[in-house]
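Worksheet: the structure to be examined is printed underneath.
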Amino acid sequence: MNSVTNLGLAPLTAKAGLTTFFLVTTYDLYGNLEKVSHNSTMIDILASYVNHNSYLSPIGVPDLSNWDYVYGKDIKGLSIDNGDGTYASQYTIYRAGTYALSIKVNYVDL
């Protein structure tokens, strides 16, 4: 199975605190749109924290010192099967910074 998203090319940007929505579309081995869902299809979305060096406080107030304990560093996204070979997907970054976004369908990177 082949898959694509409607996110566009890297680098991507997202605003901290706002949910980013996107669609994962699956295709068969011949490039035809999958018109039905398969129970065995797994969508894995992970935004892995890299750093926040470029994102200092705009008002000069010290940042939350234990933000990674409160929010976690790596953010897991989620997908909902639309029943037609597409998956409504989303993730929310809670702290401004640089993250590496990984999207996998059945353990294969998109």
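Just so you know, all these numbers are worked out from the coordinates, no wet-lab data involved. Keep in mind that this is a model prediction, so the values were computed, not measured. Cβ sites come from the backbone with ideal geometry, for glycine too, and all protein chains shown count toward neighbours.
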Requested in this report: Work out how much length Leu110 to Asn39 would gain on full extension: take 0.36 nm times their residue separation and subtract the Cα-Cα distance, in nm to one decimal.
Outcome: 23.6 nm
Query raised in the report: Which lysines, on any chain, are close to Lys15 with Cα under 24 Å apart, when same-chain ones fewer than 8 places away are left out?
Result: Lys73, Lys76, Lys104
Report summary line: Under the 7 Å Cα-to-Cβ spin-label approximation, Asn51 and Thr19 lie apart by a distance in nanometres of 3.2
Query raised in the report: If the label point is 7 Å along Cα→Cβ of Lys73, which residues in the range 30-49 have backbone nitrogen under 17 Å from it?
Result: 46-49
